[in-house]
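Notes to accompany the following structure.
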Amino acid sequence: MVKRIAYVFLAIVLSAILSSCDMSDDVKPRNRDDTKWITADQNIYFSVMYDGNYNTCLGALETTETVYNISLEFDYGSGLIISDYDMLKENNFLVDVNQILLRAECNFDKDKCTVEVTKSFIDSISVGDKITFYLVDELPDWAEEIDKVNRKACRENGETSTAVDTEK
(Lines give C-alpha, C1' and ligand atoms only; values in the text may rest on other atoms or scores of the structure.)
Protein backbone atom coordinates (compact mmCIF):
# COMPACT_ATOMS: atom_id res chain seq x y z
CA MET A 1 0.00 0.00 0.00
CA VAL A 2 2.77 2.44 0.95
CA LYS A 3 4.62 1.51 -2.23
CA ARG A 4 1.52 2.25 -4.33
CA ILE A 5 1.07 5.65 -2.65
CA ALA A 6 4.75 6.42 -3.27
CA TYR A 7 4.35 5.56 -7.00
CA VAL A 8 1.23 7.71 -7.31
CA PHE A 9 2.98 10.59 -5.54
CA LEU A 10 6.02 10.20 -7.80
CA ALA A 11 3.80 10.18 -10.89
CA ILE A 12 2.07 13.38 -9.74
CA VAL A 13 5.39 15.11 -9.06
CA LEU A 14 6.83 14.05 -12.45
CA SER A 15 3.68 15.21 -14.24
CA ALA A 16 3.87 18.59 -12.53
CA ILE A 17 7.53 18.99 -13.45
CA LEU A 18 7.02 17.98 -17.07
CA SER A 19 3.94 20.14 -17.50
CA SER A 20 5.82 23.17 -16.15
CA CYS A 21 8.58 22.76 -18.76
CA ASP A 22 8.23 24.57 -22.06
CA MET A 23 9.54 21.84 -24.36
CA SER A 24 9.96 24.20 -27.34
CA ASP A 25 11.75 26.91 -25.37
CA ASP A 26 15.11 26.46 -27.09
CA VAL A 27 13.68 26.86 -30.62
CA LYS A 28 11.05 29.52 -30.00
CA PRO A 29 11.85 32.62 -32.01
CA ARG A 30 11.56 34.90 -28.96
CA ASN A 31 14.51 33.08 -27.41
CA ARG A 32 16.72 33.45 -30.49
CA ASP A 33 18.44 36.80 -29.86
CA ASP A 34 18.96 39.21 -32.73
CA THR A 35 17.22 37.12 -35.39
CA LYS A 36 14.95 38.05 -38.30
CA TRP A 37 11.93 36.05 -39.45
CA ILE A 38 9.77 36.48 -42.56
CA THR A 39 6.99 34.65 -44.38
CA ALA A 40 7.55 33.15 -47.84
CA ASP A 41 5.31 35.76 -49.51
CA GLN A 42 7.17 38.42 -47.48
CA ASN A 43 4.08 40.19 -46.20
CA ILE A 44 4.78 39.56 -42.50
CA TYR A 45 8.13 39.86 -40.76
CA PHE A 46 9.46 40.28 -37.25
CA SER A 47 12.80 40.65 -35.54
CA VAL A 48 13.83 39.53 -32.09
CA MET A 49 15.62 42.26 -30.17
CA TYR A 50 16.75 42.76 -26.60
CA ASP A 51 15.48 45.96 -24.95
CA GLY A 52 17.67 45.80 -21.86
CA ASN A 53 15.23 43.70 -19.86
CA TYR A 54 13.90 40.95 -22.11
CA ASN A 55 13.56 39.90 -25.74
CA THR A 56 10.91 41.67 -27.77
CA CYS A 57 9.48 40.56 -31.14
CA LEU A 58 8.54 43.53 -33.32
CA GLY A 59 7.76 43.70 -37.02
CA ALA A 60 5.14 44.50 -39.60
CA LEU A 61 2.17 42.87 -41.29
CA GLU A 62 1.43 44.20 -44.76
CA THR A 63 -2.10 43.80 -46.18
CA THR A 64 -3.57 45.26 -49.36
CA GLU A 65 -5.13 48.02 -47.24
CA THR A 66 -2.41 48.94 -44.76
CA VAL A 67 0.84 48.07 -43.02
CA TYR A 68 0.46 47.27 -39.32
CA ASN A 69 3.38 47.64 -36.93
CA ILE A 70 3.12 44.47 -34.87
CA SER A 71 4.24 42.96 -31.61
CA LEU A 72 4.38 39.17 -31.30
CA GLU A 73 3.94 37.46 -27.97
CA PHE A 74 4.79 33.77 -27.87
CA ASP A 75 2.81 32.41 -24.93
CA TYR A 76 3.86 29.61 -22.69
CA GLY A 77 3.47 26.43 -24.73
CA SER A 78 2.53 26.96 -28.36
CA GLY A 79 0.29 30.03 -28.40
CA LEU A 80 1.00 33.21 -30.35
CA ILE A 81 -0.70 36.60 -30.17
CA ILE A 82 0.02 39.25 -32.78
CA SER A 83 -1.03 42.73 -31.67
CA ASP A 84 -1.11 46.19 -33.22
CA TYR A 85 2.06 47.73 -31.75
CA ASP A 86 0.94 51.32 -32.36
CA MET A 87 -2.23 50.73 -30.34
CA LEU A 88 -0.21 49.07 -27.57
CA LYS A 89 2.07 52.10 -27.40
CA GLU A 90 -0.87 54.53 -27.30
CA ASN A 91 -2.30 52.56 -24.38
CA ASN A 92 1.02 52.59 -22.44
CA PHE A 93 1.44 48.88 -23.19
CA LEU A 94 -1.64 47.90 -21.23
CA VAL A 95 -3.09 45.02 -23.21
CA ASP A 96 -6.58 45.51 -24.62
CA VAL A 97 -8.52 42.94 -26.66
CA ASN A 98 -8.98 45.55 -29.42
CA GLN A 99 -5.22 45.54 -30.07
CA ILE A 100 -5.11 41.86 -31.00
CA LEU A 101 -4.86 41.24 -34.75
CA LEU A 102 -4.70 37.46 -34.58
CA ARG A 103 -4.12 34.43 -32.38
CA ALA A 104 -2.48 31.21 -33.47
CA GLU A 105 -1.00 27.91 -32.37
CA CYS A 106 2.65 27.30 -33.31
CA ASN A 107 4.88 24.44 -34.34
CA PHE A 108 8.53 25.30 -33.78
CA ASP A 109 11.55 24.08 -35.72
CA LYS A 110 15.12 25.34 -35.64
CA ASP A 111 14.84 27.57 -38.73
CA LYS A 112 11.08 28.01 -39.11
CA CYS A 113 7.92 28.53 -37.13
CA THR A 114 4.58 27.46 -38.59
CA VAL A 115 1.43 28.93 -37.10
CA GLU A 116 -2.19 27.96 -37.58
CA VAL A 117 -4.55 30.89 -37.13
CA THR A 118 -7.21 30.29 -34.47
CA LYS A 119 -8.71 33.81 -34.43
CA SER A 120 -8.21 36.67 -36.89
CA PHE A 121 -9.30 40.29 -37.09
CA ILE A 122 -7.51 40.85 -40.43
CA ASP A 123 -9.69 40.43 -43.54
CA SER A 124 -6.94 38.80 -45.61
CA ILE A 125 -6.14 36.18 -42.93
CA SER A 126 -8.68 33.51 -41.99
CA VAL A 127 -9.07 31.03 -39.17
CA GLY A 128 -7.29 27.83 -40.22
CA ASP A 129 -4.72 29.62 -42.40
CA LYS A 130 -1.18 28.36 -41.94
CA ILE A 131 1.60 30.91 -41.94
CA THR A 132 5.25 29.90 -41.86
CA PHE A 133 8.00 32.24 -40.69
CA TYR A 134 11.52 31.47 -41.87
CA LEU A 135 14.74 32.52 -40.16
CA VAL A 136 16.61 34.83 -42.58
CA ASP A 137 19.82 36.85 -42.65
CA GLU A 138 18.35 39.82 -44.50
CA LEU A 139 14.95 41.44 -44.86
CA PRO A 140 13.43 43.00 -47.99
CA ASP A 141 13.81 46.78 -48.32
CA TRP A 142 10.29 47.61 -47.07
CA ALA A 143 10.85 45.59 -43.88
CA GLU A 144 14.44 46.76 -43.36
CA GLU A 145 13.30 50.38 -42.99
CA ILE A 146 10.69 49.48 -40.38
CA ASP A 147 13.21 47.23 -38.62
CA LYS A 148 15.68 50.13 -38.22
CA VAL A 149 12.97 52.25 -36.56
CA ASN A 150 11.94 49.36 -34.27
CA ARG A 151 15.55 48.66 -33.22
CA LYS A 152 16.15 52.33 -32.42
CA ALA A 153 12.95 52.45 -30.31
CA CYS A 154 13.92 49.22 -28.57
CA ARG A 155 17.39 50.58 -27.70
CA GLU A 156 15.86 53.82 -26.40
CA ASN A 157 13.33 51.86 -24.34
CA GLY A 158 16.16 49.79 -22.85
CA GLU A 159 18.15 52.91 -21.99
CA THR A 160 15.08 54.52 -20.41
CA SER A 161 14.19 51.46 -18.33
CA THR A 162 17.82 51.08 -17.19
CA ALA A 163 17.91 54.75 -16.15
CA VAL A 164 14.65 54.34 -14.23
CA ASP A 165 15.97 51.19 -12.51
CA THR A 166 19.15 52.95 -11.33
CA GLU A 167 17.17 55.89 -9.96
CA LYS A 168 15.18 53.63 -7.59
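The values are calculated or read from the model by the stated rules, or taken from the named source; none is laboratory data. Being a predicted model, the structure only gives us computed values, none of them experimental. Cβ sites come from the backbone with ideal geometry, for glycine too, and all protein chains shown count toward neighbours. Accessible surface areas use protein heavy atoms only, side chains included; no ligands, DNA or RNA. Shrake-Rupley method; radii C 1.70, N 1.55, O 1.52, S 1.80 Å.
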- Query: Considering only protein heavy atoms and a 1.4 Å probe, what is the carbon-and-sulfur percentage of the accessible area of segment 44-168?
  - Reply: 48 percent
- Item | Potential extension, Asn107-Val149 segment - 0.36 nm per residue separation minus Cα distance | 12.2 nm
- Built amide H within the under 5 Å cut-off of Tyr50, gap 5+: Asp34, Thr56
- Task: Using θ = phi - 60° and the Karplus relation 6.51 cos²θ - 1.76 cosθ + 1.60, list the HN-Hα couplings for segment 66-78 in order, rounded to whole Hz, with x at every Gly or Pro.
- Result: 7, 10, 9, 7, 10, 10, 10, 10, 8, 5, 4, x, 10
- Computed over segment 68-117, protein heavy atoms only, probe 1.4 angstrom, the accessible area per residue in square angstrom equals 53 Å²
- Query: Name the residues of segment 53-89 whose amide N is less than 11 Å from a point 7 angstrom out from the Cα of Lys119 along the C-beta direction?
  - Reply: 81-82
- Taking 137-146, 98-107 and ranking on average Cβ neighbours within 10 Å, highest first, one gets 98-107, 137-146
